[in-house]
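Peer 1: Handing you a structure now.
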Amino acid sequence: VTIIKSHLEAFEDGVWEPTPERIRLTVGEIDRLSKLISEVGSLYSIEGTENSISLASVNMSEEMARLALSFDPMFANKSVVLEKEIEHGIEAVADIAKMRQAAANLLSNALRYTDSGGHVLFSLKSCSGSLEILVRDNGIGIAKSDLPNIFERFYRADKSRARASGGMGIGLAIAKAIVEAHGGNIRVESSEGEGSAFTMTIPLEHNI
Ligand code: ADP
């Protein structure tokens, strides 16, 4: 808001010529702000209250296969391979819209933080009463010192990279809030320069 206000005041005072390029820059700041507001909104709508999720029986295999498919064009555009290993017939009780969002956040990150020519694995499997969604990339990885903080809202490992890649540092906080609202958890393993693996686990059954 401060940036936008200062731009507009500079235009108003005539100290900064409102060229198309500068107007674009200002509009870009407004877009960033809009994205932030909507992401914060979805975070608060999930966090802190378990009754904000609406549970129903769902074929998780079909849902996750469809989600992964919808990412194919974006991966192809960046020449990153998206490999899918989806166990068939996994039925679960979950808020499917929210679980889709959590998985989409991990897939977006994997794509964002993996260079062209890289590889991402998206897998879904069931094990002992739970289901596990894994997103593993061979991208830039995360420094050991950053690992404890990445699930905090607005935390970004590298401020300059952050700006260039356009994220808000909130996708993982949202994913964590969603899986925790399902009674599950999210964990990460990562080595800088080698890649990252995020695993979300939620129980298959809930008392609806
Ligand atoms: P955003 O990606 O919008 O910055 P997130 O909350 O999704 O926000 O992620 C927080 C930070 O964790 C990112 O800024 C990035 O530094 C790091 N991160 C998340 N996913 C990955 C990944 N797959 N590879 C490398 N770094 C990642």
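Peer 1: Name the residue from Asn185, Ile202, Ile3 whose Cα lies farthest towards the positive end of the charge dipole of the chain, charges +1 on Cβ of Lys and Arg and -1 on Cβ of Asp and Glu.
Peer 2: Highest projection toward the positive end goes to Ile3.
Peer 1: Please report the Cα spread of the range 53-133 along all three principal axes, rounded to whole Å, starting with the longest.
Peer 2: 37, 23, 17
Peer 1: Report in % the part of the accessible area of the chain that belongs to carbon and sulfur, leaving out ligands and nucleic acids; probe 1.4 Å.
Peer 2: Working: 5840 of 11130 Å².
Result for the chain: 52 percent of the exposed heavy-atom area is carbon or sulfur.
Peer 1: No solvent, one uniform scatterer per C-alpha: report log10 I(q)/I(0) for the range 9-108 via the Debye equation at q = 0.12, 0.16 1/Å, two decimals.
Peer 2: So the normalised log intensities are -0.64, -0.87.
Peer 1: Just to check I understand the Karplus step: with θ = phi - 60° and J = 6.51 cos²θ - 1.76 cosθ + 1.60, what whole-Hz values come out for the range 111-125, glycine and proline as x?
Peer 2: With coefficients 6.51, -1.76 and 1.60, one gets 5, 4, 9, 10, 7, 3, x, x, 9, 10, 10, 10, 10, 10, 8 Hz.
Peer 1: Could you give the size of the charge dipole of the chain about its Cα centre, using +1 on the Cβ of each K and R and -1 on the Cβ of each D and E, expressed in debye and rounded to the nearest 20?
Peer 2: Values: 21 positive and 29 negative charges, 50 e Å.
Using only the charged Cβ atoms, the result is roughly 240 debye.
Peer 1: Whole Å is fine, so just give me how far the alpha carbon centre of the range 122-143 lies from that of the range 1-43.
Peer 2: Centre-to-centre distance over Cα atoms comes out at 38 Å.
Peer 1: What accessible surface, in Å², does a 1.4 Å probe find on Val1, ignoring ligands, DNA and RNA and rounding to the nearest 10?
Peer 2: Surface accessible to solvent at Val1 totals approximately 110 Å².
Peer 1: Next up: Tally the DSSP beta bridges in the range 20-161 and give the antiparallel ones as a percent, rounded to 5.
Peer 2: Expressed as a percentage, antiparallel bridges in the range 20-161 total about 65.
Peer 1: Kindly give the semi-axes, whole Å and largest first, of the ellipsoid equivalent to the range 87-208, taking each as the square root of 5 times a Cα gyration tensor eigenvalue.
Peer 2: 26, 16, 12
Peer 1: Work through the residues other than Glu91 whose Cβ is under 14 Å from its Cβ and net out their charges, Lys, Arg +1 and Asp, Glu -1.
Peer 2: After counting each charged neighbour, the total is -3.
Peer 1: Hey, what's the chain come to in accessible area per residue, 1.4 Å probe, Å²?
Peer 2: 54 Å²
Peer 1: In addition: Convert each backbone phi in the range 91-105 into a coupling constant with the Karplus relation 6.51 cos²θ - 1.76 cosθ + 1.60 (shift: θ = phi - 60°), then list the ³J(HN,Hα) values in order as whole Hz, x for Gly and Pro.
Peer 2: For the range 91-105, the Karplus curve yields 9, 9, 9, 7, 8, 5, 4, 6, 5, 5, 5, 4, 5, 5, 4 Hz.
Peer 1: Just to be sure I understand: if I project the alpha-carbon convex hull of the chain onto a plane and average over all orientations, what area do I get in nm²?
Peer 2: Numbers: hull surface 53.2 nm².
Result: a mean projected hull area of 13.3 nm².
Peer 1: Name the longest site-free stretch of the chain, where the excluded sites are GluC sites (Glu not before Pro) in a DSSP loop with no more than 16 other beta-carbon atoms within 10 Å.
Peer 2: For GluC sites (Glu not before Pro) (loop position, at most 16 other Cβ atoms within 10 Å), the longest site-free span of the chain is 88-151.
The values are calculated or read from the model by the stated rules, or taken from the named source; none is laboratory data. Please read all numbers here as calculations on a predicted model, not as lab measurements. Cβ atoms come from the backbone with ideal geometry, glycine included; neighbour counts cover every protein chain shown. Calculation scope for accessible area: heavy atoms of the full protein, side chains included, ligands and nucleic acids excluded. Shrake-Rupley method; radii C 1.70, N 1.55, O 1.52, S 1.80 Å.
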